[in-house]
1. Of the residues that make up region 206-214, is at least one among the small types (Gly, Ala, Ser), assigned to a helix (DSSP H, G or I) and farther than 25 Å from residue 282 by Cα?
2. Among the residues of region 185-200, is there at least one that is among the small types (Gly, Ala, Ser) and not in a loop (DSSP other than H, G, I, E, B)?
3. Quick check on my filter: what residues within region 452-489 are surrounded by fewer than 11 Cβ atoms within 10 Å (Cβ to Cβ) and in contact with a Lys or Arg (Cβ under 9 Å, 6 or more places away or on another chain)?
4. Checking the conditions here, which among 511, 531, 504, 564 is part of a helix (DSSP H, G or I), over 21 Å from residue 600 (Cα atoms) and out of contact with any Pro (no Cβ under 8 Å at 6 or more places or on another chain)?
5. Taking interchain pairs and intrachain pairs at least six residues apart, which have beta carbon atoms under 8 angstrom, with the first residue in region 533-555 and at positive phi and the second of a type in the set (S, T, N, Q) and in a helix (DSSP H, G or I)?
6. With 583, 545, 533, 574 as the choices, which residue is over 60 Å from the mean Cα position of the chain (by Cα), aliphatic (A, V, I, L, M), buried (at least 18 other Cβ atoms within 10 Å of the Cβ) and at pLDDT 85 or above?
7. What are the residues in region 137-152 that are without any contact (Cβ under 8 Å) to a residue 40 or more places away in the chain and touching a strand residue (DSSP E or B) at 6+ places or on another chain (Cβ under 7 Å), if any?
8. Looking for whichever is of a type in the set (A, V, I, L, M, F, W, C) and at pLDDT below 85 here; the options are 450, 484. Which one fits?
Amino acid sequence: MNAPTKADKIEVDKTKADRLAEFTKVWETIGLQDQTIDVKLTHTMRPKTKLMEADARRSLPRLPRLVGPRAGAEAPEAMPELDFKHTIGEGGMGLVSLANQVPMGRDVAVKGLRDEARSQEMRMALLREGWTTGLLEHPNIIPVYTLGRDADDEPLIVMKRIEGVSWSELLRDPSKAPRDFDSDDPLDWHIDILAQVCNAVHYAHSKGIIHRDLKPENVMIGEFGEVYVLDWGIAVRLDEDPRGRLPSVAEVTSPAGTPAYMAPEMVTGDGRQLSKRTDVYLLGAILHEILTGHPPHRGDTLQAMLFEAFCSQPHDYDVSVPQPLVDICHRAMAADPAERFESAEAFRHALVDFTRHREALALADEAAQRLAILRDMLSEDARGDSADAAQVPGEAQIYKLFGECRFGFEQALRVERDNPAAKHGLQAVLETMAERELSRGAYQAASLLIADFPEPRPDFDRRLEALGEELENREQEFEHLQKIKREVDPEVGRTSRSVFAAVLGVVFCGLGVLIDTSWRFWDMPITHELLVAHGVFLVVMLVVALRFGRRWLFQNSANRRMMLGLLMMLIGSACYRTIIWIADLPLMPAIAGEVMYYGMGAAILGFAQDRRIAWSGLPYFPAGFLGALFPNYVMLIFAVTNLVALWVLAWALWPRRC
């Protein structure tokens, strides 16, 4: 805490002046003698109270003797329970020794009175501590095995032996910790200890008992990190003890506790003002010491220190102290008990919430650093202007970093559901990646990212909808183009066309040979009528073939045009023969001309439709000249040429494997 200036001190003194007169009356009432205080010590002020229905003289004889008699005394009938070894610690009134519990064969801690502290009052204080601790069976409270007497009939408390150090030592020197810190930040470790102290105090409160002397000195840290709340010697009940062993708050008539940590109501000595919130104040005072390194109340004299406790004004903390902890301290140490946390459990929850908030902030901060790297990476990826192509981030690298960012923010939200930094960060990283996917036209990826936004973004929804419509239009356009491509693709139906051409070649050749044979061997004349009939028959035959074979021959527009082109050629041939008939022209020269007509038709159809068809036209040109030179063989030449030409076409159209 920063040292106050002179002006600050005057202002503080003025605010305290209002309570000075009230404290003076309290000081006179409690009848304490002022004394110089060693600020390094935090000794407990123990009250002068009386037990309602029992005192040390009546209670002690009822306890079992736990040690053997002194030298020279008569030997005991039974083996003594305790075999003392050596002293392991001393306090204001007590002495803690290590002993072997003979029947159990285990080492235990035995607390008794120092020689100079032996009095009826101290005996009862030790008994009350044993009775109180024995009532509180909790993991954060040292178990009491039994109460008994030593050889001088002095009271003894037999407890579980704890190997460790007091929390006050760890606050002064963390290197004395019996084990390594669980956290890189000692603050987290000390808050965790304080939270466990709260558990013990809350349990005691559930049993109607308040501690009144909570401080780091009364907390032991075991070698495995166990936390134990000690010294319940001045604890009191909030109600009457039916067995008359423990004093109630109604019996408290003088200040008790450690002045450096006391709550205002503890200074007055009026037990009726004590409550569970008194211990809450002490828990806040421990937190104050964690944050500043010293107890909240300081002074050179007992009166000055108690006056500080009586005023309990809010402290100023260094700027390095997290504000949530400052608020927790101020609330827990409020001068008015009504303004404090209502219970030790509520105080613990505040600490846990802070720890979660702190952890969430750390996770969110780490994720935010990765987000900054991700944005730089996406910027490089968008520019693509790196001198070294290997330095341009890849898709896997980008999504790996995105996954780390998102996981970090989501983990922060799991730790603290309403952490604003984590919420903002998660929104930012999802928006960053959604922006990238939208710009790339990746509708599916963008929609998944936008659906996970913690906060809805209508502008992103609109952009996603527009992208969906654009992609749908593209898909429809693509399907249309694919359909057009298929319609004009000459590769479609190649096998069907090839087979059809081969069959057609055989049929055309067969009919031509039949006509030639009939004329040559059966003396059947070739007339105009016969050739016209032959031409019409070919047209009808092709129409029937196309009608029943349309599934294979009309698979697309290219096929239809080819088949219709062939049909037009045959119709043209029939018309040509009809004209020759009408004009009464010589048949054989006219047939030679028709052969040339087929050659030209095949060439034109090939270059207009599929160049492979043009190969089938080549045989017709030499055939036409041969028909002109040898008119008596023109029908045979025509028939053979049809076979060769159509088989060439079948070969040219037959699918090849690449």
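The values are calculated or read from the model by the stated rules, or taken from the named source; none is laboratory data. These numbers were taken from a predicted model, which means no experiment stands behind them. Every residue, glycine as well, gets a Cβ built from its backbone with ideal geometry; the counts of neighbours run over all protein chains shown.
1. No, region 206-214 contains no residue that is among the small types (Gly, Ala, Ser), assigned to a helix (DSSP H, G or I) and farther than 25 Å from residue 282 by Cα.
2. yes
3. Once the filter is applied, which keeps residues that are surrounded by fewer than 11 Cβ atoms within 10 Å (Cβ to Cβ) and in contact with a Lys or Arg (Cβ under 9 Å, 6 or more places away or on another chain), region 452-489 yields only 455.
4. 511
5. none
6. 574
7. Within region 137-152, 143, 144 qualify.
8. Among 450, 484, only 484 is of a type in the set (A, V, I, L, M, F, W, C) and at pLDDT below 85.
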